[in-house]
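First the structure, in the form of structure tokens, and then the observations on it.
The numbers here are math on the coordinates, done by the rules we state, and not lab data. The model shown is predicted, which means the values in this text are computed figures rather than measured ones. Backbone-built Cβ (ideal geometry, glycine too); neighbour counts: all protein chains shown.
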Amino acid sequence: MSFRYVNPGYAELQTGQYNYRNLTSYDSNNSKTGVSIYKNTTYSYGGVLCEISNLINEIYARFDIFYNTTSREVYFRIGPNLTISNYIKFQKSQRGNSNISVICYLNGKQLDSRYILSEEKFSVWLHIRLKDETDGIFEYIMNGGSKYSFSHSYTTFQYNSTAEKNIAMLDNYQGSDDIFFSNIIISDEYISPKEEVIILPTSTISTDMTDNQDGTFTADETNQQLLMTVDASTLISQYGRSSKVTSIASGGIPAYKTAEGLSNLIGIDKISGNISEHNSVALSSISTLGAFDCWTTNITLGELNGKQIGLKAAT
């Protein structure tokens, strides 16, 4: 079963048992999405965490990083636990005013080390297939530039046959608000280097949940729904009606369970009176956390305009 994790830059939208650990959301000009995440204290192995519900041998990722400092390290880690030796390190270097040192380690072995010219903001696209010693691939692109590819015996998973899942994590190990993460997509299926996360404007809300008059809604019965109508007119003028929409994420911050028996949300969309249900997402009891469902799609911005997207309460 495929998965897709999408996060414009909200610390509350984490998955897994290490949720929301020393992360803070920040309304930011340092991000294309207008929001970003930073880790506000020094804490080893804690960052933007995506817990994958099953073991996989291939992963795609894209994300943006903003450096507000002269020298910091950022890691993208993948493996069955947090103390893993599969990682790619991006380090802003003192070697010139705008050099990023990229050092790639897989299975504890260094694959590549190079300097790439970059501004304070830069984007990363990664593809890693960690299968066996004859079929491993690692490739990355920075800022839409050249693709660097490697395929040899080092590109293998740090594999644990007793593990039930993998963890993907974007982390600034030293812990500082000098580095901001945003525009994050992680999947076991192909992600185009051109894909971006966009927060959709909405016009109206339709719901049978209780309106708390503070921007939040409460469900106390199963099958209660909240639907928001997408107003994509501004996006259409910016990107064009024919621009592709590859996935949709619907969620809330906060989103947590308050009633006995209601412990899940299901992503839904509605068009021409027909409602489609997607994935069931388990809710936490922590009132500061959010939750979201994400599903793939193959429509255009023009087709998205006027579509209703939302969530349904479930057991």
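Rounded to the nearest 0.05, what FRET efficiency do Ser146 and Thr300 give with R0 = 45 Å and r taken as the Cβ-Cβ distance? Could you check?
Between Ser146 and Thr300 the formula returns 0.90.
What does the charge add up to near Thr222, with Lys and Arg as +1, Asp and Glu as -1, over the other residues with Cβ less than 14 Å from its Cβ? Kindly include the intermediate steps, with their values, before the conclusion.
Working: positive: Lys257, Lys312; negative: Asp208, Asp220, Glu221, Glu260, Glu277.
In short, -3.
In nm, give the distance between the simple-model label positions of Ser272 and Asp220, each being 7 Å from the Cα along the Cα-to-Cβ direction.
Going by the 7 Å Cα→Cβ label model, 3.8 nm.
Could you work out how far apart the two model spin labels at Thr315 and Ser203 are, taking each label as a point 7 Å from the Cα in the direction of the beta carbon, and quote it in nm?
3.8
Across bins of 10 angstrom width beginning at 0, how are the C-alpha pair distances of the range 202-314 distributed, in whole percent?
14, 45, 29, 11, 1
Want the number for Asn279 to Thr210: 0.36 nm per residue separation, take away the alpha-carbon distance, what's left?
22.5 nm is the gain from fully extending Asn279 to Thr210.
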